[in-house]
Amino acid sequence: MEIIALILFISIFVLILYGYPVAFTLAGLSILYTVCFLDPAVLAALPPRVMGVMNNYVLIAVPLFIYMGIMLERSGLAAQLLETMAVLMGRVRGGLAVSVVLVGALLAASTGIVGATVVTMGLISLPTMLRRNYRPELATGTIAAAGTLGQIIPPSVVLVLLGSVLNVSVGDLFSAAFLPGFLLVGLYLAYILIASALRPNIAPAMPAEEVAAFMGPGFARKVLQALVMPLVLIVAVLGSIFAGIASPTEAAAIGAIGATALTILQKRFNLKVWRHVMRETTHLTAMVFLILLGATTFSLVFREMNGDRFLVEWVQNANLSPYMFLLLVMAVVFVAGFFIDFIEIIFIIVPIAAPIFKIMGMDMIWIGVLLAINLQTSFLTPPFGFSLFYLKGVAPPEVSTGQIYRGIVPFLLIQLALLVAVVFFPQMVIR
């Protein structure tokens, strides 16, 4: 029966790679294996598990954070931020790329939606950077990498889902991921500035007269407006969590209301915008929860077939140390990120590894941060890196797929370097 459980896992993975819908593959194949190899009465335990998932208070934060991100994207604040930061950093060699990373960090801390961030920055910044004779690889790599910061910098949907699967506090995960997230921003900036200093032709500074032309009457007010609004929202959401005033779910509600208020202040709010935001929020939320319910079915069947016990015994018999098992899991997650979405990894691979981490006595908050950093790479790894797809969709025709792929390599290596650093220096994970 344990071998059949492993065959079930491999079958699901193969069908997903072939392009079958994840949620229905997880649930459908698990039910089929139950009918064939188990007593169908096992499925009587499924409805209570499903209701347990649907009653999970923490998961209410998922649609609220998604709503906040999409509403902010429609508010036009991202465009204002990019234009303002580009002018402020224009005289620095590599300044446009620096501004993209800083805006990506601000958007990550206020939205956490990768697609919206990459598309917005790709539409606004990429043509400007190319026109300023930036090397396409540096320009595209910077935008794609900055767009993924929302996966590690709180508030992050990835951290909410990991908190649910690992059964740990989402608030603790948020505070633990704070330092690694902004350290990653610092590493991006250091790479851009050093590369620009060593090779000035790949990222030239803006001419002084053009910067001066932008800084006309009312520029200070524009800077204040562009920076203060997102910062107020970030403080309201993250500050309320870290201060213990609100739970992550309550803070997500504050963020959703705040994003709506900012859109109204920007005079961008109308029925059409609201309808679009609600439709996209419903679509993304339904996708996440369908996969979650499919994963719940798979988890039930896998455990009834003693698959989890078999894996625990295999690890124990193989005499793997906790760090060796951690290396194995991180390698599997990294390779899986080349082919499947981060949500699928969270709901298929993580629930299988989590009990073994607990048996080994490992810090689950630390494990959650490591997984979040690792999952961030899935957005940049070809052939199915979503950040690359989003950017290619809005990039000018002269930017090739090869240039985008080459551009993300340094940033991918930086992410892996941070992952290794957090493994060897767990004190970076502050709670």
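Quick notes
- Criterion (among the hydrophobic types (A, V, I, L, M, F, W, C), more than 20 Å from GLY76 (Cα to Cα) and modelled with pLDDT under 80) met by exactly one of ALA253, ALA246, ALA213, ALA220: ALA213
- Selection within region 401-431 - surrounded by fewer than 17 Cβ atoms within 10 Å (Cβ to Cβ), in a loop (DSSP other than H, G, I, E, B) and touching a residue at least 40 places away in the same chain (Cβ under 8 Å): ILE430, ARG431
- Within region 249-283, being among the hydroxyl-bearing types (Ser, Thr, Tyr) and over 10 Å from TYR67 (Cα atoms) holds for THR249, THR263.
- Failed condition for VAL157, given (1) buried (at least 23 other Cβ atoms within 10 Å of the Cβ); (2) under 21 Å from GLY402 (Cα atoms); (3) of a type in the set (Val, Ile, Thr): (2)
- Leading residue by the ranking (modelled with the lowest pLDDT) among those in region 197-207 that are farther than 10 Å from LEU96 by Cβ and either assigned to a helix (DSSP H, G or I) or not basic (Lys, Arg) (or both): PRO207
- Scanning region 20-78 for residues that are without any contact (Cβ under 8 Å) to a residue 60 or more places away in the chain and either among the polar types (S, T, N, Q) or outside any helix (DSSP H, G or I) (or both) yields TYR20, PRO21, ASP39, ASN55.
- Residue in region 6-20 that is among the aliphatic types (A, V, I, L, M) and crowded, with 21+ Cβ neighbours inside 10 Å present: yes
- Screening PHE302, PHE310 for residues that are surrounded by 19 or more Cβ atoms within 10 Å (Cβ to Cβ), in contact (Cβ under 8 Å) with a residue 24 or more places away in the chain and more than 29 Å from ALA421 (Cβ to Cβ) leaves exactly one candidate, PHE302.
- Single unsatisfied condition, PHE339 versus (1) within 30 Å of GLY407 (Cβ to Cβ); (2) crowded, with 16+ Cβ neighbours inside 10 Å: (2)
The values are calculated or read from the model by the stated rules, or taken from the named source; none is laboratory data. None of the values given here were measured: they were computed from a predicted structure. A quick note on method: Cβ atoms are made from the backbone with ideal geometry, for glycine too, and the neighbour counts reach across all protein chains shown.
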